[in-house]
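Engineer: Dumping the structure here so I can ask a few things about it.
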Amino acid sequence: MDASEVSSLHDAMRQYGIPGNLTPKDPRNQAGPWQVVDDAGQDITEVTLAAAAAALRRQPQRGFVIAR
């Protein structure tokens, strides 16, 4: 994931309660690739991207139930 995708992923993580910390792979290169790590420092980027994509695809369930 590159720096241009970080903001939208961060917003999705906050909105849907997805845990993780976004950090650049190389702290000296903020424009380079980024990753998502858990509190233990493990790379969870793929899991987080999948969770965010699934959350964004979900549509709210609305409607009426009509009893017959």
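The values are calculated or read from the model by the stated rules, or taken from the named source; none is laboratory data. Model, not experiment: these values are computed from the prediction. As a convention, Cβ positions derive from the backbone with ideal geometry for all residues, glycine included, and neighbour counts pool all protein chains shown.
Engineer: Name the single residue that is nearest to Leu56 (Cα to Cα) among those in the range 1-25 being of a type in the set (D, E, K, R) and in contact with a Pro (Cβ under 8 Å, 6 or more places away or on another chain). Steps first, answer last, please.
Structural biologist: So the first thing to find is which residues in the range 1-25 are of a type in the set (D, E, K, R), and the list is 2, 5, 11, 14, 25.
The next check asks that each one be in contact with a Pro (Cβ under 8 Å, 6 or more places away or on another chain); those that pass are 2, 25.
On the way: Asp2: 19, Lys25: 25 Å.
Ranking the candidates gives Asp2 first.
Quick grid of which residues meet (1) among the acidic types (Asp, Glu); (2) part of a strand (DSSP E or B); (3) modelled with pLDDT of 90 or more:
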| residue | (1), (2), (3) |
| --- | --- |
| Ala12 | no, no, yes |
| Ile18 | no, no, yes |
| Gln35 | no, yes, yes |
| Gly41 | no, no, yes |
| Glu46 | yes, no, yes |
| Ala52 | no, no, yes |
| Pro60 | no, no, no |
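Engineer: Inspect all residues belonging to the range 52-67 and state whether any of them is aromatic (Phe, Trp, Tyr), under 12 Å from the mean Cα position of the chain (by Cα) and surrounded by fewer than 16 Cβ atoms within 10 Å (Cβ to Cβ). Quick ask: steps written out before the conclusion?
Structural biologist: At the first step, the residues of the range 52-67 found to be aromatic (Phe, Trp, Tyr) are 64.
When the remaining residues are screened for being under 12 Å from the mean Cα position of the chain (by Cα), the result is none.
No: the range 52-67 contains no residue that is aromatic (Phe, Trp, Tyr), under 12 Å from the mean Cα position of the chain (by Cα) and surrounded by fewer than 16 Cβ atoms within 10 Å (Cβ to Cβ).
Engineer: Just to be sure, is Met1 surrounded by 10 or more Cβ atoms within 10 Å (Cβ to Cβ) and in contact (Cβ under 8 Å) with a residue 40 or more places away in the chain? Show your work before the answer.
Structural biologist: Numbers: surrounded by 10 or more Cβ atoms within 10 Å (Cβ to Cβ): yes; in contact (Cβ under 8 Å) with a residue 40 or more places away in the chain: yes.
It is true that Met1 is surrounded by 10 or more Cβ atoms within 10 Å (Cβ to Cβ) and in contact (Cβ under 8 Å) with a residue 40 or more places away in the chain.
Engineer: Go through the range 26-46 and give me each residue that's surrounded by fewer than 13 Cβ atoms within 10 Å (Cβ to Cβ) and under 24 Å from Arg57 (Cβ atoms).
Structural biologist: Glu46
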